[in-house]
Amino acid sequence: MKVFKFGGASLRDANGIQNVAEIILAQAKTNLLVVVSAMDKTTDILERVVALSSANKEFRQTLDALNKYHLEIINSVLAGDLIVSKVVGQVFEEIDFDLHREVPVDLIYDQVVSKGELISSIILHHYLLSKKASSHWIDARDYIVTNNIFREANVNWNQTSSNIKTLSPTLENGIVVTQGFIGRSENGNATTLGREGSDFSAAIFGSSLLAESVTIWKDVPGVMNADPRRFPNAIVFDELPFREAAEMTFYGASVIHPKTIKPLANEGISLFVKSFVDPGLPGTQIHECTVERLPPLVVFKDNQCLISCKVTDYTFVSEQHLSIIFSLLLDLNVRINVMQNSAISFSFCIDFRENKMMQLVQRLQRSFEVNYNTGLTLITIKNYDAASYEQYRSLPGLLLEQSSRSTLQVLVRNGK
């Protein structure tokens with residue numbers, strides 16, 4: 001039994017749907033669970049709709065354009081199937097209803113944004129049926145149980161695993177199509193697992209079903225030592241140890257969601273990263289192995305914010321001060337990407353999300369003098385050599401530098 005995950009780029013248009021279906025049907029007719037993301041930029045557009053609605057601005061034109069985009073794909077691949085069009089239309093009606101609920105905006109966000117995956121999975125499922133595949137559609141929210149932390153929910157593993165195991169008989173007789181990125185809280189609300197969380201969903205299904213392997217299909221030939229958009233000569237790894245891949249994701253490598261590795265490594269399930277553009281390429285296998293002399297791995301993480309907390313009473317930074325800072329970070333569910341302290345200040349870098357960042361700054365100001373810089377890039381060079389070490393330490397606009405035996409991190413303005 002295997003798990004495949006396809007992201008939005010692979011499903012962006014009619015040709016993409018057809019290509020994904022060809023890959024699926026060439027690989028397996030049964031015992032395959034397929035996890036899909038929302039099509040192309042759908043998640044971004046739904047986020048914009050939520051933001052417009054919460055600001056009491058006009059969103060109808062944007063939402064109607066998104067509906068039209070999906071209907072055009074249905075017309076192309078399913079000859080305008082009226083049943084599928086009606087089902088997708090009902091999903092858009094649910095989005096409209098959710099946008100008018102008088103509840104916290106993060107709750108609305110998860111109800112609305114989760115609909116993108118539902119729509120893409122419905123269309124792919126019906127296209128597979130049109131190709132005589134034994135396809136079964138399921139709602140991931142009926143299987144993945146989470147807490148009530150919207151936008152980045154935590155999984156109730158015991159209940160989730162128990163639910164997913166019930167899929168085994170269905171898989172023996174066909175293909176299961178479901179959604180990534182989404183779950184449902186115990187009180188019935190849709191939740192999301194964090195941006196790009198469909199990889200994590202694939203790992204949840206794969207580990208619960210003790211799959212033979214999980215494959216993430218990307219628009220790159222495999223895991224590379226740098227972003228090919230920034231480094232045209234980046235190389236593809238044939239294989240990587242679980243631990244190395246986990247560290248890559250922690251530092252911000254976008255090819256795999258950070259939470260993907262752990263559940264698969266715990267069960268010894270290989271993770272493959274392969275190209276949907278050229279499925280014949282071998283890709284990268286991530287598993288328990290040893291690879292000698294890995295080249296420098298360069299990860300750029302944009303849209304960063306550096307926050308500096310300075311003690312105001314002429315004392316030094318103490319454990320008590322750090323306790324205040326870390327308690328606030330935990331309370332607001334904010335993760336530190338790199339941190340550094342001096343005698344009288346503590347600085348840390350986080351992903352920039354304006355609302356959450358401003359909440360954090362305002363609460364920190366009760367105890368510290370707080371300064372912050374936004375629009376920054378965190379660059380991590382893992383397995384650095386002498387040349388890369390000097391190259392990145394010499395970048396202009398350097399605000400923070402930190403190094404260990406194997407890893408260099410620099411925070412810069414306008415990283416290129």
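What follows is calculated from the coordinates using simple rules that are stated; it is not laboratory data. Not measured: the values here are computed from a predicted model. Note that each Cβ is placed from the backbone with ideal geometry, even for glycine, and that neighbours are counted across all protein chains shown.
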(message) Can you compute the FRET efficiency between Asp278 and Lys131 using 1/(1 + (r/R0)^6), with r the Cβ-Cβ distance and R0 = 22 Å? Round to the nearest 0.05.
(response) 0.55
(message) Give me the one-decimal Kirkwood hydrodynamic radius in Å for the stretch 240-375, with the sum taken over alpha-carbon pairs.
(response) 17.6
(request) Compute the signed sum of charges (Lys and Arg +1, Asp and Glu -1) over the other residues within less than 12 Å, Cβ to Cβ, of Ser403. (result) +1
(message) Helix-only mean residue ellipticity at 222 nm, the chain, DSSP H runs n ≥ 4 weighted -39,500 (n - 2.57), per residue, nearest 500. What is it?
(response) -12000 deg cm²/dmol
(request) Just add up the charged neighbours of Leu33: K/R +1, D/E -1, any other residue whose Cβ is under 11 Å from the Cβ of Leu33. (result) +2
(request) Report the relative contact order of the stretch 297-413, percent, no decimals, based on alpha-carbon pairs under 8 angstrom and at least 6 residues apart. (result) 33
(request) Compute the Cα gyration tensor for the stretch 2-211, then decide on rounded, prolate or oblate, letting a ≥ b ≥ c be the square roots of its eigenvalues: rounded whenever a/c is under 1.5, prolate when a/b is larger than b/c in the other cases, and oblate in all that remain. (result) oblate
(request) Please work out the Cα center distance from the stretch 80-114 to the stretch 290-348, rounded to the nearest Å. (result) 38
(message) Under the 0.36 nm per residue contour assumption, what length would be gained going from the current alpha-carbon distance of Gln362 and Gln340 to full extension?
(response) 5.9 nm
(request) For an R0 of 25 angstrom, estimate the FRET efficiency from the Cβ-Cβ distance between Lys29 and Lys165 and round to the nearest 0.05. (result) 0.70
(request) Find the relative contact order for the stretch 39-190 and round it to a whole percent, using C-alpha pairs within less than 8 Å whose residues are 6+ positions apart. (result) 23
(message) About the Cα centre, and with charges only on the beta carbon of Lys, Arg (+1) and Asp, Glu (-1), how big is the dipole of the stretch 250-333? Nearest 20 debye, please.
(response) 160
(request) Give me the distance in nm between label points sitting 7 Å out from Cα along the Cα-to-Cβ direction at Thr62 and Arg353, one decimal. (result) 1.7
(message) Tell me the angle of helix 82-99 to the major Cα principal axis of the chain, expressed in degrees between 0 and 90 and rounded to the nearest ten.
(response) 30
(request) Multiply the residue separation of Asp238 and Thr374 by 0.36 nm, subtract the distance between their alpha-carbon atoms, and state the gained length in nm to one decimal. (result) 45.3 nm
(request) Could you tell me which label, among [x] 37, 27, 20; [y] 52, 24, 21; [z] 31, 25, 21, carries the value of semi-axes √(5λ) of the Cα gyration tensor in Å calculated for this structure? (result) [x]
(request) Measure out, as a whole number of angstrom, how far apart the alpha-carbon centroids of the stretch 45-65 and the stretch 174-236 sit. (result) 27
(message) Restricting to bridges with both residues inside the chain, how much of the DSSP beta-bridge set is antiparallel, in percent to the nearest 5?
(response) 60
(request) Counting other Cβ atoms within 10 Å, keep those with at most 13, restrict to DSSP loop, and tell me which GluC sites (Glu not before Pro) in the stretch 140-224 are left. (result) Glu186, Glu212
(request) Return a whole-number percent for the relative contact order of the stretch 348-416, with Cα pairs under 8 Å and 6 or more residues apart as the contact set. (result) 32
(message) On the principal axes of its Cα set, how long, how wide and how thick is the stretch 297-413? Give whole Å, largest value first.
(response) 44, 30, 23
